[in-house]
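Contents: one structure, followed by commentary.
The values are calculated or read from the model by the stated rules, or taken from the named source; none is laboratory data. The shown structure was predicted, so the numbers you read here are calculated from the model rather than taken from an experiment. In this analysis, Cβ positions are derived from the backbone assuming ideal geometry, glycine residues included, and neighbour counts consider all displayed protein chains. For accessibility, only protein heavy atoms count, side chains too; no ligands or nucleic acids. Shrake-Rupley method; radii C 1.70, N 1.55, O 1.52, S 1.80 Å.
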Amino acid sequence: MYRMPRNEEGDVVFFSGMVNNEDSKQFFLENELRKDMENQYQNFRVVYQPIIQVEQNNSKWIGAEALLRYSNPEIPNLNQMDLIRTLEYSGLIIPIGRWVIAQAVHECSKWNRMGKSKIVHVNLSAQQVSDVGLVEYIRDLCKEEQLEPSNLVMELTETSMLSNFENATAFCNDLLQLGVRVALDDFGTGYSSFNYLKNLPINQIKIDRSYVQNLQENQYNQTFISFMQQLSGQLDLEMCVEGVETQEEFDVVKNKGISLIQGYYFEKPMESEMISREFLKRTIQA
Ligand code: G
Ligand code: MN
């Protein structure tokens, strides 16, 4: 809901400096985003954070999560949350969302053509579930790029899934039908009921990184993770733990036998050339 700007006495003011400033910042950002999108998406790029499968004695990079970045010298210090919020608010998330998927599919197809099978994860915002034709768009992309749809995993947060339940489940069912996989992102931050889990058309649960911080000292979080591990096993879902940053956190997660891990302990998101090089190196070594 829009609130009229008010001064300290509570009177409505029409030219409050602060509001004006915020509004004009927002307006400027939106304009820059539009301009850059029309200009071959300049200042936008996609970076990739490796997803690691941990085995007894070694760990393998099975693929990566694609993450959008925007760096415009005119807008220094823009944080990621403000960027996503503006993209959603302006509706630009629809075209930029498609662009990110196209980049990720292209990139993943390149990795696979280099050798071993790699997967790519792409984040979806709640609004994209209502992007009419998105599933067909993904199908055509996979065909053009000769990427097996099962190498693509779309991530939806539990909040966007549950706030738009009918649409989201139909959308995910269409993805599954196509062979694309679906992950439930940031699990544990919303208000999901465990009752939903068994009915959602998903393949994987990603435990939010807030459950991993100082895991070695936090009994509740350890219990939560073990419980989720058991439950996902019962429901035949994969489970990935995000945000592993330290050796101590990694040790706890590994000792629980969790095999899918992401986090700064392994790697931060990296530029596409860099991750290709890493995959190639590892492919040759293996
Ligand atoms: O919501 P989602 O899980 O898709 O968020 C991904 C974001 O989390 C990325 O911007 C990425 O840089 C960040 N991230 C990934 N791993 C870690 C980590 O180990 N610690 C922290 N603090 N952030 C991380
Ligand atoms: Mn994610």
Only bridges whose two residues both fall in the chain count here: according to DSSP, what percent of them are antiparallel, nearest 5?
40
Taking every Cα atom in the chain, find the radius of gyration and the maximum pairwise distance Dmax, and write them in Å.
20.6, 69
Enter the Cα centre distance for the pair the stretch 121-137 and the stretch 235-271, rounded to the nearest angstrom.
27
Protection proxy ranking of 47-54, 248-255, 20-27 - average other beta-carbon atoms within 10 Å, highest first
47-54, 248-255, 20-27
Give me the distance in nm between label points sitting 7 Å out from Cα along the Cα-to-Cβ direction at residue 39 and residue 159, one decimal.
3.2
Heavy-atom accessible area ranking, 1.4 Å probe, most first, across 121, 106:
106, 121
Can you tally the lysine pairs in the stretch 147-281 where the Cα-Cα distance is under 22 Å and the two residues are eight or more apart, or on different chains?
6
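Would you rank 110, 143 by solvent-accessible area, highest first, keeping every protein chain in place and using a 1.4 Å probe?
143, 110
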What accessible area per residue, rounded to a whole number of Å², is obtained for the chain using a probe radius of 1.4 Å?
55
Can you give the FRET efficiency to the nearest 0.05 for residue 166 and residue 281, using r as the Cβ-Cβ distance and R₀ = 45 Å?
0.50
Less than 13 Å Cβ to Cβ from residue 214, Lys/Arg counted +1 and Asp/Glu -1: what total charge do the surrounding residues give?
-4
Within the chain, helix-based [θ] at 222 nm, where runs of 4 or more DSSP H residues each add -39,500 (n - 2.57), nearest 500
-14500 deg cm²/dmol
So for the stretch 55-154, averaging the separation of alpha carbon pairs under 8 Å that are six or more residues apart and normalising by length, what relative contact order in percent results?
34
Heads up, I need the accessible area for residue 277: 1.4 angstrom probe, whole protein in place, Å², nearest 10.
150
Note down the relative contact order for the stretch 92-131 as a percent, whole number, built from C-alpha pairs under 8 angstrom at least six residues apart.
53
Compute the relative contact order of the chain as a whole-number percentage, counting only Cα pairs closer than 8 Å that sit 6 or more residues apart in sequence.
17
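Using only the C-alpha atoms of the stretch 141-208, find the volume of their convex hull and express it per residue in Å³.
It is 81 Å³ per residue.
Taking the Cα centre of the chain as the origin, how large is its charge dipole in debye, to the nearest 20, when only Lys and Arg (+1) and Asp and Glu (-1) carry charge on their Cβ atoms?
Dipole about the Cα centre, nearest 20: 920 debye.
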Convex hull over the alpha-carbon atoms of the stretch 24-81: what's its volume per residue in Å³?
101
Arrange the residues 209, 85 by how much accessible surface each exposes, largest first, with a 1.4 angstrom probe.
209, 85
Estimated vicinal HN-Hα couplings, Hz - the stretch 255-271 in sequence order (Karplus 6.51, -1.76, 1.60; Gly, Pro = x)
5, 7, x, 7, 9, 9, 9, 9, x, 5, 4, 8, 8, 7, x, 10, 5
Would you kindly derive the ³J(HN,Hα) couplings of the stretch 141-146 from the backbone phi angles with the Karplus curve 6.51 cos²θ - 1.76 cosθ + 1.60 (θ = phi - 60°), listing them in order in whole Hz, with x for Gly and Pro?
4, 4, 5, 4, 8, 6
For the stretch 193-257, what does the equivalent ellipsoid look like in terms of its semi-axes, each the square root of 5 times an eigenvalue of the Cα gyration tensor, given largest first in whole Å?
22, 11, 10
